[in-house]
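Visitor: First, the structure itself, so that you have it in front of you.
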Amino acid sequence: MWGAIKENPTFLVMNLVVSAIVVTVIIERSYFQLDRYRVNSKEFFAQIKKLVVAGNIDRAIKLCDAGDYPILQLVKAGLTQASKGADEIDAALSEKLSELKPAVEKRVALLWSLANIATLIGLIGTVSGLIKTFASISAPGLSAAVKQQMLSNGIAEAMYNTAFGLGIAVLCMIAHVMLHTRSKNIQHDLESTTERVFNLLTIAKPNF
């Protein structure tokens, strides 16, 4: 592999850059999902429900101010409109939900594009390596042993390009499946929380 990079680094280095971007996206998205959405929405809502039923809206809002997590922001958006009508509560919750959902999917779809780019770069590197190899061994005055060595080195270089590109693509696809599944679960959780807060403040609305 190192020999191939020294011999013809162009496409392998390009895929090294792509792999660095892929790893960065995976780490950043994983950290975002695990850190920003580590609050258990059901447990948090249970605490909020007790306070709201008891008429302690202010304490419930203060509990939401305990952290800058999206679930807390969403619940707070509904609570701040608790004294108003159902339309105002629904509008506040919907606005906050539409603000939070895009951030969950942000850059996840990029992994599919990076998978295709890495694969194509690898294929171009393969074709380029083979063309260069066949052009070199066609030169006059080369012995059979030298031609065989050049051919084996060229094919190895070409295969390294293919393998590296496909390896990056596989990593992208696996990461995309995991992050996309997680993001869909988070979005479903946000929607469920929105419905629970709306029902709490309207259908089962206490006196406050």
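The values are calculated or read from the model by the stated rules, or taken from the named source; none is laboratory data. Since this is a predicted model, take the numbers as computed values, not measurements. Glycine also receives a Cβ, built like all others from the backbone with ideal geometry; neighbour counts cover every protein chain displayed. Surface areas here come from the heavy atoms of the whole protein model, side chains and all, with no ligands, DNA or RNA. Shrake-Rupley method; radii C 1.70, N 1.55, O 1.52, S 1.80 Å.
Visitor: Grab the other residues whose beta carbon is less than 12 angstrom from that of Val108, score K and R as +1, D and E as -1, and report the net.
Guide: Result for the neighbourhood of Val108: +3.
Visitor: Using a simple spin-label model with points 7 Å from Cα along the Cα→Cβ vector, what separation in nm is obtained for Leu166 and Leu123?
Guide: Reported label-point gap for Leu166 and Leu123 is 1.3 nm.
Visitor: Within 14 Å, Cβ to Cβ, of Asp35, how many net charges do the neighbouring residues add up to if Lys/Arg are +1 and Asp/Glu are -1?
Guide: The answer is +2.
Visitor: Now for a different question. With every protein chain left in place, what is the accessible area per residue of the stretch 2-85 in square angstrom, probe 1.4 Å?
Guide: That works out to 55 Å² per residue.
Visitor: Next question, about the same structure. If you work out Kirkwood radius over Cα pairs in Å from the coordinates, which of [x] 17.5; [y] 20.9; [z] 19.0 do you get?
Guide: So the structure-derived entry is [y].
Visitor: Carbon and sulfur: what percent of the chain's accessible surface (1.4 Å probe)? Walk me through the numbers before you get to the answer.
Guide: Numbers: 7270 of 11490 Å².
Roughly 63 percent, rounded to a whole number.
Visitor: On to the next question. Give me the net charge of Ser94's neighbourhood, meaning all other residues with Cβ under 15 Å from the Cβ of Ser94; Lys, Arg count +1, Asp, Glu -1.
Guide: Details: positive: Lys76, Lys84, Lys96, Lys101, Arg196; negative: Asp87, Glu88, Asp90, Glu95, Glu99, Glu191, Glu195.
Value of the local net charge: -2.
Visitor: If you roll a 1.4 Å probe over the heavy atoms of the protein chains, what accessible area per residue do you get for the stretch 102-208, in Å²?
Guide: 55
Visitor: Residues in the stretch 32-56, backbone N under 20 Å from the label point at Asn185 (7 Å along the Cα-to-beta-carbon vector): list them, ranges by number please.
Guide: Residues 32-46 qualify, since their backbone N sits under 20 Å from the label point.
Visitor: At 0.36 nm per residue, minus the direct Cα-Cα distance, what do Ile155 and Leu16 gain on full extension? Give it in nm, one decimal, please.
Guide: 48.1 nm
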